[in-house]
Amino acid sequence: MENTMSEKTYLQALNEALKLEMERDENVFILGEDVGQFGGCFGVTQGLFDQFGERRVMDTPITESTIVGAAAGAAAAGLRPVAELMFVDFIGVAMDQLFNQAAKMRFMFGGKTTVPMTLRMPQGAGIGAAAQHSQSLESWFMNIPGLKVVIPSTPYDAKGLLISAIRDDNPVVFLEHKLLYGVSGEVPDESYTIEIGKGEVKREGTDVTIVATSLMVHSALEAAERLKADGIDAEVVDPRCLQPLDKDIILDSVKKTHALVVAHEAVTFAGPGAEIAAMVAEEALDYLDAPVKRVGAPFCPVPFSPPLEQFYIPNADNIVEAVKSLR
Amino acid sequence: MALSKKTLIHMYETMNKIRLFEQKLQEFFAAGEIPGFVHLYLGEEAVATGACSALTDADMITSTHRGHGHLLAKGGDLKLMMAEIFGRSTGYCKGKGGSMHIADFDLGILGANGIVGGGGPLAVGASLASKYKQTKDVTVCFFGDGASNQGTTQEALNAASAWKLPLVFVNENNGYGISCPQCKSMAVVDIADRAAAYDMPGVVVDGNDVLAVYEAVSEAVKRARNGEGPSLIECKTYRWRGHFEGDACTYRCTEELEEWMAKDPIPRFEAKLVEGKTLTQKEADKIKESIAKEVAEAVAFAKESPMPATSALMDDVYA
Ligand SMILES: Cc1ncc(C[n+]2csc(CCOP(=O)(O)OP(=O)(O)O)c2C)c(N)n1
């Protein structure tokens, strides 16, 4: 069968991934707050309730612990749940179920079980949702052995990675960015997978490597265009997953460009950039012509008022500045 | 309970303040002038007003994501609230909190809260502090029917009872947690029944009757002040608007909404006051006019206020 492509939003791509996997595998089901008739807080599960009914698209009470814990329990019992939290910020309520239960069951029980669950959570600032609904928490999850952490930046990646996440036998934390839901791009209509742990070079370049994730991939691409005008040819690398991390794609790029900037929306301090910078320092220090630069959010909670929020979110300007500071 | 004329009129003013304040927000949100989310309390004014009328300034409350009513009923400043919701530097939180995160510790308002069920444990801590310091102050924890299912809420009920804390749980049962009707999220009809599991009084009241709420909460506050521990008051009410402004609200029927709008708590209380000769209709109308003016002033204050400077971003991260 020939693959057909069409323009889809990130949100539609995610919706399609869910639909295709539910059609393929009876064990795949969705649970979360308002995921049913309502279609999910941001609309990702829209239409699925009508197609699959309430047995497979389950509205839960407002109990994040139970959503995450029930997904882990159901996964251990042979199903493939896809749980949704409305906002990543609510994981605090359910953290025990995620990091002490779901992430450890297989290990603690000597490999006697698998926990094939996917936990979808929107994160990121930019919609005036303030400190308790805007965080980027990927570094929390990267630090927990047993979890995989997927953070797609494009509609194409979102669909392929979500399908892979659902088929993966481990608990996968799947981090979506609210501001990406409306972003569109070419996406195959058919089912396809993207290997979890494989990054992608989003733009080739020779002078500097910009490793960026999620929304920052788009800012990095914009920055790269601007840098071109100044005669700097930037390579943009999107690891797409933070755990496992595609070290090779980053190291190969750094070995080519000899300079590294890491950009993410999580706070800079102890953010994913810290890990990536340390990894490069350990494994490719000799290739670097300048110190590594990190672009991330300042170390404060996400502010509400629009000018403060805009100032808070790292952007293309910050990335351009970071690259230029290497010279 | 015989209430003074002053208290009754204050209640009437408070309910109207919440109503007019929120109707303005509705307008400005629709006009795109308010960033972020706005969850309106329209239709539920009697709950916050009745409950907070049973409290002193030293008593504390924990609020929810639908907090404007609680804040105003506890004495929150119209201008500072409006400016905060508009994201201005003159707002309660210097523009860093917005609608869901307003607090005024001088008035015992421990904050609206973006986390459903977040208030329970905080209320346990606040009332524990009162008990520890032997102040006689009471804390009221407002929470929704949806929030009642959070583990945090159940944990708070349990701890408050085990420790006999001066805490009153005021449940605002408006029938829905966003789109999820109560019947789909719990098997009990009366949330107050759950009080039995924690060995505390559980009382159901008409949440659209400000005096009924006041009486039930006053009784619970008295118990709490006397060291007899927490209570759970369930107020049956309804929200008129969608969950948030912009919610198309397709999950409930118009008949249900109309039925509840016919039970509007404000005209109902007004009729009672006029009938009982606490107020003349003319005085009632005057009160509303003067509140409308105050609200307009608050809007003007908010709009004239500057946005926060980006240089203020890192302020207040640490003490
Ligand atoms: C921990 C957490 N989970 C989910 C949400 C999203 N959310 C915001 S309000 C709400 C519904 C709350 O319902 P209820 O407690 O009944 O209060 P109501 O909105 O009816 O006043 C939900 C699910 C949240 N803010 N926090």
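Taking the stated definitions as given, is B:Gly87 away from the ligand (no atom under 16 Å from the Cβ) and in contact (Cβ under 8 Å) with a residue 24 or more places away in the chain?
yes
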- [ ] Check off (1) touching a residue at least 60 places away in the same chain (Cβ under 8 Å); (2) within 16 Å of the ligand (Cβ to nearest atom); (3) over 16 Å from the mean Cα position of the chain (by Cα) for B:Phe269 and give me the number that stays unchecked.
- [x] (2)
- [ ] Among the residues of the stretch B:153-173, count how many are surrounded by fewer than 23 Cβ atoms within 10 Å (Cβ to Cβ) and either assigned to a loop (DSSP other than H, G, I, E, B) or within 10 Å of chain A (Cβ to nearest Cβ) (or both).
- [x] 3
Open item on the list: Looking at the structure I just gave you, is B:Ser63 among the polar types (S, T, N, Q) and surrounded by fewer than 24 Cβ atoms within 10 Å (Cβ to Cβ)?
Closed with: no
TODO: Please state which of the following conditions A:Gly36 fails to meet, knowing it meets all the rest: (1) under 23 Å from A:Ser136 (Cα atoms); (2) within 11 Å of another protein chain (Cβ to nearest Cβ).
DONE: (1)
- [ ] State whether the residues of the stretch A:44-51 include one that is within 16 Å of the ligand (Cβ to nearest atom) and in contact with a strand residue (DSSP E or B) (Cβ under 8 Å, 6 or more places away or on another chain).
- [x] yes
TODO: Any chance you could count how many residues in the stretch B:213-249 are loosely packed, with under 13 Cβ neighbours inside 10 Å, free of Cβ contacts under 8 Å to residues at least 24 places away in the same chain and either within 14 Å of chain A (Cβ to nearest Cβ) or part of a helix (DSSP H, G or I) (or both)?
DONE: 1
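Kindly indicate whether B:Ser179 is within 19 Å of B:Lys222 (Cα to Cα) and in contact (Cβ under 8 Å) with a residue 24 or more places away in the chain.
Against the criterion (within 19 Å of B:Lys222 (Cα to Cα) and in contact (Cβ under 8 Å) with a residue 24 or more places away in the chain), B:Ser179 does not qualify.
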Open item on the list: When you check B:Ala73 against the structure, is it away from every other protein chain (no Cβ under 14 Å), within 13 Å of the ligand (Cβ to nearest atom), closer than 20 Å to B:Asp209 by Cβ and touching a helix residue (DSSP H, G or I) at 6+ places or on another chain (Cβ under 7 Å), yes or no?
Closed with: no
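Check B:Lys277, B:Lys272, B:Lys303 and return the single one that is in a helix (DSSP H, G or I), modelled with pLDDT of 95 or more and under 28 Å from B:Val47 (Cα atoms).
The conditions single out B:Lys272.
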- [ ] Answer yes or no as to whether A:Gly40 is within 15 Å of the ligand (Cβ to nearest atom), within 20 Å of the chain's Cα centre (by Cα) and assigned to a loop (DSSP other than H, G, I, E, B).
- [x] yes
Open item on the list: Of the conditions (1) within 13 Å of chain A (Cβ to nearest Cβ); (2) modelled with pLDDT of 95 or more, B:Gly118 satisfies every one except a single condition; which number is it?
Closed with: (2)
TODO: Name the residue, out of A:Ser164, A:Ser139, that is buried (at least 19 other Cβ atoms within 10 Å of the Cβ), without any contact (Cβ under 8 Å) to a residue 40 or more places away in the chain and away from chain B (no Cβ under 14 Å).
DONE: A:Ser164
Task: Tally of residues being on the phi > 0 side of the Ramachandran plot and within 14 Å of chain A (Cβ to nearest Cβ) across the stretch B:6-58 - done: 2
Open item on the list: Considering only residues that are within 16 Å of the ligand (Cβ to nearest atom) and of a type in the set (Val, Ile, Thr), which ones fall in the stretch B:113-158?
Closed with: B:Ile115, B:Val116, B:Val140, B:Thr152, B:Thr153
Task: Filter result (hydrophobic (A, V, I, L, M, F, W, C), more than 14 Å from chain A (Cβ to nearest Cβ) and surrounded by fewer than 16 Cβ atoms within 10 Å (Cβ to Cβ)) within the stretch B:293-319 - done: B:Ala296, B:Ala300
- [ ] Output yes when any residue across the stretch B:80-96 is over 27 Å from B:Arg268 (Cβ atoms) and under 12 Å from the mean Cα position of the chain (by Cα), and no when none is.
- [x] no
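Can you list the strands (runs of 3 or more DSSP E) lying wholly within the stretch A:58-164 that have 1 or more residues being within 16 Å of the ligand (Cβ to nearest atom)?
A:80-84, A:118-123
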Task: Candidate set from the stretch A:1-45 (those that are farther than 16 Å from B:Cys180 by Cα and among the small types (Gly, Ala, Ser)); member that is surrounded by the fewest Cβ atoms within 10 Å (Cβ to Cβ) - done: A:Ser6
- [ ] Any chance you could count how many residues in the stretch A:220-236 are farther than 23 Å from A:Leu162 by Cβ and assigned to a helix (DSSP H, G or I)?
- [x] 8
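The values are calculated or read from the model by the stated rules, or taken from the named source; none is laboratory data. No experiment lies behind these values; they were computed from the predicted model shown. Ideal geometry is used to build each Cβ from the backbone, glycine not excepted, and the neighbour counts take in all protein chains shown.
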